[in-house]
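**Student:** The structure under discussion is supplied below as structure tokens; questions concerning it will follow.
The values are calculated or read from the model by the stated rules, or taken from the named source; none is laboratory data. Treat the numbers as computed from the prediction; the structure is a model and nothing was measured. Positions of Cβ are backbone-derived with ideal geometry, glycine not excepted, and every protein chain shown enters the neighbour counts. Quick note on the areas: whole protein, heavy atoms, side chains included, nothing else; ligands and nucleic acids left out. Shrake-Rupley method; radii C 1.70, N 1.55, O 1.52, S 1.80 Å.
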Amino acid sequence: MADLSARWAALGLPRPRSQPLTEGARARQAHLAELRDVSGPSEAVRAGAEFSGERWLRSDLLGVRPWLAPDTPAREVVPAVLRAEWTGFLALLGDHGPWVYVPDVRALQELSGAYAALVTAARTAPESEVLLAAEQGHALGADQNLLVRLEATPYRQPTRPGADAARLRHLELAFWTLAGAQAQQARARWQARR
């Protein structure tokens, strides 16, 4: 157990499962925890100010948008995304999940489904497999390690054989790939209209 703890600590999680998880939060793990309609510049500024203190907002939104400056301040990220992609929805998927910016409800449903698949697979996976997948994600330079975020809570309930590390890593990469593709498509549509 000490070895697992040291490995989690190396990923930036010194105390796995230390954040309590209420039944409400458990039910929301793969559902919307926040949703804002960003229908113009004033809403983008307001959302940027409101959520600028959120730990993962900046890295989640910038991580799939290489066309935005990586040093964009957290407060300016939502307005920067709006300028590049135009209107959409800013959402937090689960209390410990990723922040996303999407152009429409269909895109939000797709991302929510991809994230739910990861949470569902990780929930029943052994800790050793989740840890291995998280380490693989870290080794590839992924700043958005969703498995590490989930492991901060006692979310896992391995009552039956769960996914292995390769499956978990595939699901996490699929989520971020989809988020990046959606952002690129929204940007291309907006650039074509301007």
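**Student:** Within the range 1-29, take every residue that is in contact with a Lys or Arg (Cβ under 9 Å, 6 or more places away or on another chain) and of a type outside the set (D, E, K, R) and give me the one that is farthest from residue 146 (Cα to Cα).
**Tutor:** It comes out as 5.
**Student:** Do we have residue 137 as in contact with a helix residue (DSSP H, G or I) (Cβ under 8 Å, 6 or more places away or on another chain), at pLDDT below 95 and farther than 20 Å from residue 9 by Cα here?
**Tutor:** No; evaluated as a whole, the condition is false for this residue.
**Student:** Can you say whether residue 125 is among the small types (Gly, Ala, Ser), within 30 Å of residue 22 (Cα to Cα) and touching a Gly at 6+ places or on another chain (Cβ under 6 Å), as far as the supplied structure shows?
**Tutor:** So residue 125 fits the description; yes.
**Student:** Turning to a different aspect of this structure: Assuming residue 144 fulfils every condition listed in (1) part of a helix (DSSP H, G or I); (2) under 28 Å from residue 21 (Cα atoms) apart from one, which condition is it?
**Tutor:** Among (1) part of a helix (DSSP H, G or I); (2) under 28 Å from residue 21 (Cα atoms), residue 144 violates only (1).
**Student:** Report, ordered by the first and then the second residue, all pairs with beta carbons closer than 6 Å, sequence separation of six or more or different chains, a first member in the range 104-117 that is at negative phi, and a second member that is among the polar types (S, T, N, Q).
**Tutor:** 107/182
**Student:** Related question: Looking at the range 153-173, which of its residues are touching a Lys or Arg at 6+ places or on another chain (Cβ under 7 Å), crowded, with 16+ Cβ neighbours inside 10 Å and not hydroxyl-bearing (Ser, Thr, Tyr)?
**Tutor:** Within the range 153-173, 156 is the sole residue that qualifies.
**Student:** Exactly one of these conditions fails for residue 16: (1) at pLDDT 90 or above; (2) farther than 20 Å from residue 115 by Cα; (3) open to solvent by 50 Å² or more (accessible area, probe 1.4 Å); (4) of a type outside the set (Gly, Ala, Ser). Give me its number.
**Tutor:** It fails just one condition, (3).
**Student:** Could I ask something else about it? Considering only the range 145-163, state which residues are free of Cβ contacts under 8 Å to residues at least 60 places away in the same chain and either more than 25 Å from residue 15 (Cβ to Cβ) or of a type in the set (Phe, Trp, Tyr) (or both).
**Tutor:** Of everything in the range 145-163, those that are free of Cβ contacts under 8 Å to residues at least 60 places away in the same chain and either more than 25 Å from residue 15 (Cβ to Cβ) or of a type in the set (Phe, Trp, Tyr) (or both) turn out to be 160, 161.
**Student:** Still on this structure, I have one more. Can you name every one of the helices (runs of 4 or more DSSP H) wholly within the range 24-90 that holds 2 or more residues which are surrounded by 19 or more Cβ atoms within 10 Å (Cβ to Cβ), in contact with a strand residue (DSSP E or B) (Cβ under 6 Å, 6 or more places away or on another chain) and touching a residue at least 60 places away in the same chain (Cβ under 8 Å)?
**Tutor:** Of the helices (runs of 4 or more DSSP H) lying wholly inside the range 24-90, none has at least 2 residues that are surrounded by 19 or more Cβ atoms within 10 Å (Cβ to Cβ), in contact with a strand residue (DSSP E or B) (Cβ under 6 Å, 6 or more places away or on another chain) and touching a residue at least 60 places away in the same chain (Cβ under 8 Å).
**Student:** Tell me whether the range 121-137 contains one or more residues that are within 17 Å of residue 63 (Cβ to Cβ) and not polar (S, T, N, Q).
**Tutor:** Looking through the range 121-137, at least one residue is within 17 Å of residue 63 (Cβ to Cβ) and not polar (S, T, N, Q).
**Student:** Now for a separate question. Those residues that are of a type in the set (S, T, N, Q) and closer than 15 Å to residue 189 by Cα, I need them from the range 61-114; list them, please.
**Tutor:** Across the range 61-114, the qualifying residue is only 87.
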